Amino acid sequence: MVATRVTTNDELQQILDLQQHNLRGVHSELKEKEQGFLTVTHSMQKLQQMHRMEPSIIVKDHDAVAGYALVMPKECSTIIPELFTLFEGLDKLHYKGKALTAYRFYVMGQICVGAAYRGRGVFDMLYHKHRESLAEKYDFVITEIATRNTRSMRAHERVGFKILHIHRDELDEWAVVLWDWNEKT
């Protein structure tokens, strides 16, 4: 398996296919608790727009996308309306005594590992490729996780993410987490 950046529409379609198989409500609550889940759906057009700004990271097993982690620069806030409140909320947060907006960061818009590849290091490969590919351009990556998605919370903590803020909306309680690439891990 190899971690790389998205380059083709076929890879984007495989991302959409993985997304559809892992959305909240597709599986039982028990399976969601054990395996995690996704909340936001995308279209091919939206993914293409995002990838023109900054290609996302995927792990490939030959031609198959084993997992993905979407890169969403701040400019993506207008593309995915479901994430507008996240981006808006980030404008109000501080990190290390400075407004978050004073830093160079992007949002990891969604991460998913195919069921057949879970427990095989794909999650870590995705994030390490994020850091390798984007650390010169950005200070850190931020994402938001439903706090009840304990599998995802634990996995992000293992990689190096720290909780920056917790809030609730009409859907769930969310943890805004940050992985500072300037800190020693």
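The values are calculated or read from the model by the stated rules, or taken from the named source; none is laboratory data. Since this is a predicted model, take the numbers as computed values, not measurements. SASA here: full protein model, heavy atoms, side chains in, ligands and nucleic acids out. Shrake-Rupley method; radii C 1.70, N 1.55, O 1.52, S 1.80 Å.
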Quiz item: Taking Rh as the Kirkwood radius computed over C-alpha pairs, what is the Stokes-Einstein D of segment 45-185 at 25 °C in a medium of viscosity 0.890 mPa s, expressed in µm² per second?
Solution: 157
Quiz item: With each run of n ≥ 4 DSSP H residues scored as -39500 (n - 2.57), what mean residue ellipticity at 222 nm is computed for the chain after dividing by its residue count and rounding to the nearest 500 deg cm²/dmol?
Solution: -9500 deg cm²/dmol
Practice problem: Using a 1.4 angstrom probe on heavy atoms only, work out the carbon and sulfur share of the accessible area of the chain in %. | Solution: 50
Exercise. Would you mind checking which residues have amide H under 5 Å from Gly109's amide H? H placed 1.01 Å from N; only 5 or more apart, or other chain.
Key: Leu70, Val71, Met72
Quiz item: What are the residues whose amide H is under 5 Å from the amide H of Tyr95, where those residues sit 5 or more places off or on another chain and H is modelled from the backbone?
Solution: Leu100
Self-check item: Estimated vicinal HN-Hα couplings, Hz - segment 4-12 in sequence order (Karplus 6.51, -1.76, 1.60; Gly, Pro = x)
Solution: 8, 9, 5, 10, 10, 5, 4, 5, 5
Practice problem: Pop out the ³J(HN,Hα) list for segment 144-156 in order, Karplus 6.51 cos²θ - 1.76 cosθ + 1.60 with θ = phi - 60°, rounded to Hz; leave Gly and Pro as x. | Solution: 10, 10, 4, 4, 6, 7, 5, 4, 5, 4, 5, 5, 5
Self-check item: For segment 90-151, diffusion coefficient by Stokes-Einstein and Kirkwood Rh (Cα), 10 °C, 1.306 mPa s, µm²/s
Solution: 117
